[in-house]
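These notes are about the structure you will find just below.
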Amino acid sequence: MTVDENNLLQESRKENCFRFLAGSLYYPEKSVFEEAELFNKLTEFLKDVCPEALPFSTEMEKNFAQYSENELQVEYSRLFKGPYELIAAPYGSVYLDEGRRVMGDSTIAVIQAYEEEGLAKNDDFKDLPDHIVVELEFMSFLLFKEIEAIQDQDSQKANEYQEKQQRFLNMFLRQWVPSFCEKIKNGSDNSFYISLSNCLSTFIMNPKF
């Protein structure tokens, strides 16, 4: 039996897409984003994984350059951090649980999914476990574990991790990311965050996954 190189390459591209989309939703520091070539690499990986999102990732790179770091940070804070009402709360439970509350039943289910993989909260991480960045990075982790199994020619384990990805996508991300992205588009005139929301929602709802 030989390793399916095409499948390995495609899953690696997908893993990178989740990772770079998560990175795009970090607090914006222009030097860090530019040094990582975040948007250029995202566009490169999307070409084969989700070409429908390509126009938006291209716009992200162009629009990011138009703003100062301070402008991006102010808008990030206004949308996702407060200090008062959150324009686009980046927490799944706000959209999935009754009363738009954080740390609801869906958050507990997300934590259980992490714990099943032996993952625990890093003491340095001060945000909630169903933050959009954490959920995207968890998908990247599940893909990484699938890739390891493919390389080890363990098809059963690879299939198990594919099923875990589908379950997490369908139970969580696909249930709330479209609403989260609509909140961004309706609450912001910042072209970078609008293009990011379009890219994210198109990618997450890709029926080919």
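Against the numbered list (1) surrounded by 16 or more Cβ atoms within 10 Å (Cβ to Cβ); (2) over 14 Å from the mean Cα position of the chain (by Cα); (3) closer than 19 Å to THR43 by Cα; (4) not charged (D, E, K, R), TYR161 comes up short only at (3).
Just one of the listed residues (VAL74, VAL102) is within 23 Å of SER179 (Cα to Cα) and either outside any loop (DSSP other than H, G, I, E, B) or modelled with pLDDT of 95 or more (or both), namely VAL74.
What helices (runs of 4 or more DSSP H), lying completely within segment 1-65, carry at least 1 residues that are more than 18 Å from the chain's Cα centre (by Cα) and over 15 Å from LEU136 (Cβ atoms)?
Values: elements: 5-24, 30-35, 38-49.
So the answer is 5-24, 30-35.
Okay, residues lined up against (1) exposed (fewer than 14 other Cβ atoms within 10 Å of the Cβ); (2) within 16 Å of LEU196 (Cβ to Cβ); (3) in contact with a helix residue (DSSP H, G or I) (Cβ under 7 Å, 6 or more places away or on another chain); (4) not charged (D, E, K, R):
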site	(1), (2), (3), (4)
GLU34	no, yes, no, no
PHE45	no, yes, yes, yes
ALA53	no, yes, yes, yes
THR58	no, yes, yes, yes
LEU86	no, no, yes, yes
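Is it the case that some residue within segment 105-119 is in a loop (DSSP other than H, G, I, E, B) and among the aromatic types (Phe, Trp, Tyr)? Scanning segment 105-119, I find no residue that is in a loop (DSSP other than H, G, I, E, B) and among the aromatic types (Phe, Trp, Tyr), so the answer is no. Count of segment 60-79 residues, restricted to those that are touching a helix residue (DSSP H, G or I) at 6+ places or on another chain (Cβ under 9 Å), touching a residue at least 40 places away in the same chain (Cβ under 8 Å) and of a type outside the set (D, E, K, R), is 8. Mind listing whichever residues of segment 106-156 are over 17 Å from the mean Cα position of the chain (by Cα), surrounded by fewer than 18 Cβ atoms within 10 Å (Cβ to Cβ) and β-branched (Val, Ile, Thr)? Result: ILE108, single match.
Here is a check on your reading of the model: is SER12 surrounded by 12 or more Cβ atoms within 10 Å (Cβ to Cβ), farther than 29 Å from ASP189 by Cβ and touching a helix residue (DSSP H, G or I) at 6+ places or on another chain (Cβ under 7 Å)? Judged against the criteria, SER12 is a match.
The values are calculated or read from the model by the stated rules, or taken from the named source; none is laboratory data. Here the structure is a predicted model, which is why all the values come from computation and not from measurement. Positions of Cβ are generated from backbone atoms using ideal geometry, with glycine treated the same way; all protein chains shown enter the neighbour counts.
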